[in-house]
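Trainee: Questions regarding the structure given below will be posed in turn.
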Amino acid sequence: MSEEEIQKEEGEELVDRSEGDDGKEERVLPEADALSGYQLVSKGLRLVLVSILLISVLYTLAVTGIGNLIWGEAAKGGLVKQDGQVVGSKLIGQEFTSDEYFHPRPSSKGYDGMDSGSANLAPDNDRLTERAKNELRELEKQGIKPEEVPISFVTESGSSLDPDIRPQSAYLQVPRVSENTGIAEDKLREVIDELTGGKFLGLFGQTRVNVLSLNLRVEEILRSKNDE
């Protein structure tokens, strides 16, 4: 058999017949192996690039845009500025130790926003009991009776980063803050009432007041007094 006849025979094996057994025309299909390695790599790369564009770029931009549109400042971290400088976030608690400020709930994580999660101690855990007793002893030094203290004020939240306290916890601190700042107790109570937020949709959560907002208002009152 000549070389020409061999090539012709092999070519006939690579394609479907133009007519089927029933006399109808059949579509000629390309052999899968006919695709070159370059074409396969090219299609794979295009698929990867399109996926990156859709998932990593367009999806991220869409979610960020929707978040900023619906939740506004909260989507940006709830950052709070004073005199043009970021001083904290309304969404993450921070430590205040000066007697001139209102104090937040305890945090076993040191209010580290990169390490969310409480110690998750059980109610009968000795560490939790001792920590609560220490907190109550410190409050007693300020003339606050243990039975007056909300349990949330001597225990940490699930994230250990709660930026809010109950209004009752803020009222308990009014005498101390007033004594160390010279701001009248009635004025401080008015500020607490003004900044107290209600339940979400009137059903979920608890009434609360943001500690950072409280302390910024204290500083604002002090500055206005100094300017007089």
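What follows is calculated from the coordinates using simple rules that are stated; it is not laboratory data. This structure is a prediction, so every number in the text was calculated from the model and none was measured. So basically every Cβ, Gly included, is an ideal-geometry build from the backbone, and we count neighbours across all protein chains shown.
Trainee: Does region 179-228 hold any residues that are without any contact (Cβ under 8 Å) to a residue 40 or more places away in the chain, of a type in the set (G, A, S) and more than 22 Å from F153 (Cα to Cα), and which are they?
Mentor: A184, G202, S224
Every residue, every condition in (1) surrounded by fewer than 18 Cβ atoms within 10 Å (Cβ to Cβ); (2) out of contact with any strand residue (DSSP E or B) (no Cβ under 6 Å at 6 or more places or on another chain), yes or no:
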| site | (1), (2) |
| --- | --- |
| Q85 | yes, yes |
| K90 | yes, no |
| F102 | no, yes |
| S107 | no, yes |
| D115 | yes, yes |
| S118 | yes, yes |
| D124 | yes, yes |
| E130 | yes, yes |
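Trainee: Something else now. On the given criteria, is L212 in a helix (DSSP H, G or I), within 15 Å of P104 (Cα to Cα) and in contact with a Pro (Cβ under 7 Å, 6 or more places away or on another chain)?
Mentor: yes
Trainee: Going by the conditions given, is A119 assigned to a helix (DSSP H, G or I), within 18 Å of S159 (Cβ to Cβ) and in contact (Cβ under 8 Å) with a residue 12 or more places away in the chain?
Mentor: Considered against the rule, which asks whether it is assigned to a helix (DSSP H, G or I), within 18 Å of S159 (Cβ to Cβ) and in contact (Cβ under 8 Å) with a residue 12 or more places away in the chain, A119 comes out as no.
Trainee: Let me ask another. Return the residues of region 138-159 that are in a helix (DSSP H, G or I) and not polar (S, T, N, Q); say none if nothing qualifies.
Mentor: E138, L139, E140, P146, E147, E148, I151, F153
Trainee: Report, by residue number, each residue of region 146-190 that is at positive phi and polar (S, T, N, Q).
Mentor: Across region 146-190, the qualifying residue is only S160.
Trainee: Among (1) under 19 Å from D99 (Cβ atoms); (2) touching a helix residue (DSSP H, G or I) at 6+ places or on another chain (Cβ under 6 Å), which single condition is P146 missing?
Mentor: Exception for P146: condition (1).
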